[in-house]
Amino acid sequence: MKLRRGLACLLLALGPRLSGAVSAASAPAAAPLPPTTIESGALELFSTEKETTFTYSRGVRITATNLVLTCDHLVVIARRTGDPAALVGRQEKLKSLVASGNVRLVQDDREATADRAEVFPDDDRVILTGNPVVRSVKDGWEQRGPRMELLRGERRAVIRGEGTERPRTVLPPLKDLGYDKLPERRPAPANAPALPGSPAPTAPAPR
């Protein structure tokens, strides 16, 4: 089953740096990439003539190139070809991937968490809902919002508020720019030449 593009789309949730990592991982390399594996406590398959639905439950874990995704429940729909009477057939393309329940995606120092993650590879689109949070420990930023729509092909993210919930961005501390402070005046050295127009120094009065 071809999950790599779906996972690459989901990696946009972790920010621009990972988008570059995905491109590098997708490029031809001397060493073959490791296979993507899905482990779970239970798996059910259902096929039609055009699609196969894989339903994973009970501690789902996806391991791919430098990536780990865990959740409670995962539904993968793949388009199929080959013998229509076969249970699985040949999986040609991933149609959608929906992870739900304690969703956590980790790659390097970045992670994304949510109650639900929907991936649509054909549209290069990811939707995160249910208290989604995207953070980078190394870079010190965090993004929250009730709903995040990530458009990989456009390199764009749309985060909308719902009710009283509003998008919230946490960035590293900014230094005090001091725009409201006057520059500190330092006394001139005793032997410094006088500026043009400056009054001549007066000698102290005799005692």
(message) Can you go through ARG185, ARG207, ARG147, ARG152 and tell me which one is over 20 Å from VAL60 (Cα atoms), within 15 Å of the chain's Cα centre (by Cα), of a type outside the set (A, V, I, L, M, F, W, C) and at pLDDT below 85?
(response) ARG152
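Quickly run through region 142-180 and pick out the residues that are outside any strand (DSSP E or B), in contact with a helix residue (DSSP H, G or I) (Cβ under 9 Å, 6 or more places away or on another chain) and surrounded by 15 or more Cβ atoms within 10 Å (Cβ to Cβ).
Going through region 142-180, the residues outside any strand (DSSP E or B) turn out to be 145-146, 152-155, 161, 163-164, 166-167, 171-180.
Filter once more, keeping what is in contact with a helix residue (DSSP H, G or I) (Cβ under 9 Å, 6 or more places away or on another chain): 152-153, 155.
Answer for region 142-180, where residues must be outside any strand (DSSP E or B), in contact with a helix residue (DSSP H, G or I) (Cβ under 9 Å, 6 or more places away or on another chain) and surrounded by 15 or more Cβ atoms within 10 Å (Cβ to Cβ): just ARG152.
Could you please find all residues in region 93-112 being among the β-branched types (Val, Ile, Thr) and surrounded by fewer than 19 Cβ atoms within 10 Å (Cβ to Cβ)? Full working, then the answer.
Taking region 93-112 and keeping what is among the β-branched types (Val, Ile, Thr), we get 98, 103, 106.
Correct list: VAL98, VAL106.
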(request) Could you identify the single residue in ALA8, ALA13, ALA42, ALA24 that is modelled with pLDDT under 80 and more than 27 Å from ARG147 (Cβ to Cβ)? (result) ALA24
(request) Note down all Cβ pairs under 9 Å where the first residue falls in region 166-178 and is closer than 22 Å to VAL137 by Cα and touching a residue at least 40 places away in the same chain (Cβ under 8 Å), the second is aliphatic (A, V, I, L, M) and exposed (fewer than 10 other Cβ atoms within 10 Å of the Cβ), and they're at least six residues apart or on different chains. (result) none
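The values are calculated or read from the model by the stated rules, or taken from the named source; none is laboratory data. Only a predicted model underlies this, so the values are computations on that prediction, with no experimental measurement involved. A quick note on method: Cβ atoms are made from the backbone with ideal geometry, for glycine too, and the neighbour counts reach across all protein chains shown.
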